[in-house]
Every structure is written in C-alpha cells, then in structure tokens.
C-alpha cells in the first residue's frame, strides 16, 4: 500500500506553482476523438487519471505520448468505439467518451463507470440527453451499448441539475450533430468554458459558455489543434489550505484566483489573510482558525472537491462550524479517519457539525478518495506527531508529486 507520512508542527511557507486542471484535461483528451489527426495539449499534469485516460484512448485506436507537460494524441480515421470495464471502473470521467464515440462512429460500448465512491451520480442525465438526440441504449452484462441511425440530431435538452459530466457529454456529442442543440440548465464551471474554448479552436460553433444555456450549432467536421489546459483551481485551493491550516504563508502561482472566489472568501472568514492578483494568490493562516459555515454548490458556489480540505481546517477552529454537502451523498466517508486523529465531527443527514478541537494527533489513516486523502495529509500537517495516510494512490489521481510539492514549502513529508 502506498503511504504518505507527514510530521506535523511546521508552518508552511514559500511559493508553489499549480499545473493543468484534472477536471479539464481529461475531457479535453476525450474531445480529440472528434477529429482525426494529431492533437497537442500543454500544461498537462502527470497524474494517475491522465495515465488511465491515455489507456482508454489507446484502446479506441489512438496513439498517445506524454513528454513533460505536453500530451500528443494521434487520432485515427477509424476508431474502436469501446471503453472496457477494467479501465472505466477506475475513473468515472471516462463516461464522457460516450458522446464523442456516438458522434464519430454511430455506436459506443462503454462499461458503467467507477472512480471515487462518492455516492449516487446517475448517468441517466447523460443517456437521456443523448436519447433526445436520437441515440438508443441497452445495458448488456454491465456494458452500456449505444447506437444511432445516421447522425445525432440537434434538439433542446433541459438537465434536471447542472451536472458537469452530462453537460460535457452533450457538448461533445452536439459538436458533430446535425442542426442546433440547446443545453438548458448547463453547468457553468471554468473547466467547461475551457472545453468549449478547445472545441471552438477545433472549428465547433458554440455560444453561452459560462452561462446556464449553451447553444451548439453542429458542424460536419472538426480539426485537431494545440490547446493549453487551464490551471487546476482545486490543486491551488488545496495548497492555499495547507498554508492556512499550518498558520503559514503560502503563495500559489499559475492560477486563476477568480475561479476560487467562494473558497477564498471562506478562508477569509476563518481569519486568513488573502491577497491575489493576475495569476497568483497568497494565503497567510491564523494561529487558530475561527469557525464558519458553508454549503457546497455548483460553480460559482463552494466546490464540493474543496469540502474535505476545508473540514480539516475547521476541525481545529475555535468553535463550531456547519458544513452542508449538497452534491454527493457519500462525501463524508473520510470523517471517521479525521475522528481517529481527534477531530470532533457529527454527521446529520447532509450536514457535518464540526466542533473545533485544540489539537489533532497523528496516527495511521486511510484515504478513501482523492480530496479526502489530500485533506488527511493537511490534517497531518497540523497534528502532533506523525500521520501515515495509506492508500495514497488515490491522491496520485489528482495531484502530481503531492508530497514533493508540500516538502518544497517546508513540510516534513515522505512518500513510500
């Protein structure tokens, strides 16, 4: 089992540069399927989920090569329209191959997705929208098989919730569909705006990115392009919180602070000093944070993937905070591990009542998912003694060299 061992008690200080956004690059890798030829993505992080998506693309017939932060994808004229279960079960984002494969091949065979176990995240919103565009689906031995007769047809699709994955799948499918597709109640995340920017560079006709109504006028063909992936706001937010929880002084560069408005506001509520400018932000943490309440919401609300790290900070606050999780019903699975370190947290339905304690104690814990794993490492930075975070491979899915980057800020941390 891979482990990150961290000894608490050091105030982090220094500068760390973030890499490309995991939640953007995975979908932008998939969008390459829409156009034969050589695509190039830059600012790509070396993380496990990128490796997994490379394997998914290679299974469809693509040639993929990563050199440093550049990723080259050569897409053939004829694709194998399949994403196998051994790959898809490891990463939920692979479900977005469904739309592009249907658009390019007229069929798609995709295993039902896995990834972090955060509770029910229905793919019915994906398939329902694609059915309205003319696709038909059947589930056979755990494999979702989709087919279309001819070409996908543009239509108006209203999502019951601004789902990021469903919005992306429908965007990718609509780019090559016949006629106009209107996605109502679309997700507004920055990563979707970046995907739209890439698709537009490829020749797609899309308007409304960043709003709740996105309009796509389908085109007959797209072309391969070079595209730079936007910075990872979640990585930047995690390092900002690492500075906050240690009472340190951390500057994050290569980021877009406007993508973390609500998260930075909540850090200020806990007593942090926050500064930011063009492409950077700086967080100076207090001796002890003050409590605050928050609720996770779709962008521009507080990101659910920053929730566990924030709870780690609030677990040592000077009072009681309430954190409400509105997106994933199993997001609180990490709370038992924090409690093992001495945190006082009670779960009531979708609410966590976090009663701040004077100190945490280092001990062995397990990372149940990417962000919870990062949160446990952050808690270890504050705890007395050594915290060993097991199953650290979860963290590798979203952070490049997490231990090394924390060490560059002064943390006493080792990866094994």
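The values are calculated or read from the model by the stated rules, or taken from the named source; none is laboratory data. Small disclaimer: the values here were computed from a predicted structure and weren't measured. All Cβ positions, even for glycine, are placed from backbone atoms using ideal geometry, and neighbour counts span all protein chains on display.
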Residue match in region 68-77 (condition: modelled with pLDDT of 95 or more, over 20 Å from residue 202 (Cβ atoms), surrounded by fewer than 23 Cβ atoms within 10 Å (Cβ to Cβ) and touching a strand residue (DSSP E or B) at 6+ places or on another chain (Cβ under 9 Å)): yes
Residue that is farthest from residue 7 (Cα to Cα), among those in region 348-368 that are within 24 Å of the chain's Cα centre (by Cα) and part of a strand (DSSP E or B): 351
Subset of region 311-323 (residues that are out of contact with any helix residue (DSSP H, G or I) (no Cβ under 7 Å at 6 or more places or on another chain) and within 17 Å of residue 376 (Cβ to Cβ)): 314
Condition met for residue 28 (surrounded by 16 or more Cβ atoms within 10 Å (Cβ to Cβ), without any contact (Cβ under 8 Å) to a residue 40 or more places away in the chain, touching a helix residue (DSSP H, G or I) at 6+ places or on another chain (Cβ under 7 Å) and not assigned by TED's automatic domain parsing to the domain that holds residue 360): no
Enumerated strands (runs of 3 or more DSSP E) restricted to region 230-345, each holding at least 2 residues that are free of Cβ contacts under 8 Å to residues at least 60 places away in the same chain and in contact with a strand residue (DSSP E or B) (Cβ under 9 Å, 6 or more places away or on another chain): 273-277, 280-284, 320-324
Residue that is crowded, with 23+ Cβ neighbours inside 10 Å and within 30 Å of residue 42 (Cα to Cα), where the choices are 274, 252: 252
Some residue of region 42-54 being outside the structural domain of residue 328 (by TED's automatic domain parsing), at pLDDT 95 or above, over 19 Å from residue 395 (Cα atoms) and not in a loop (DSSP other than H, G, I, E, B): yes
Single match in 19, 34 (criterion: touching a residue at least 40 places away in the same chain (Cβ under 8 Å) and touching a helix residue (DSSP H, G or I) at 6+ places or on another chain (Cβ under 6 Å)): 34
Residue within region 74-85 that is closer than 25 Å to residue 252 by Cα and touching a helix residue (DSSP H, G or I) at 6+ places or on another chain (Cβ under 9 Å) present: no
Residue match in region 9-20 (condition: in a loop (DSSP other than H, G, I, E, B) and under 19 Å from the mean Cα position of the chain (by Cα)): yes
Qualifying position, being within 16 Å of residue 221 (Cα to Cα) and assigned by TED's automatic domain parsing to the domain that holds residue 96, among 154, 165: 154
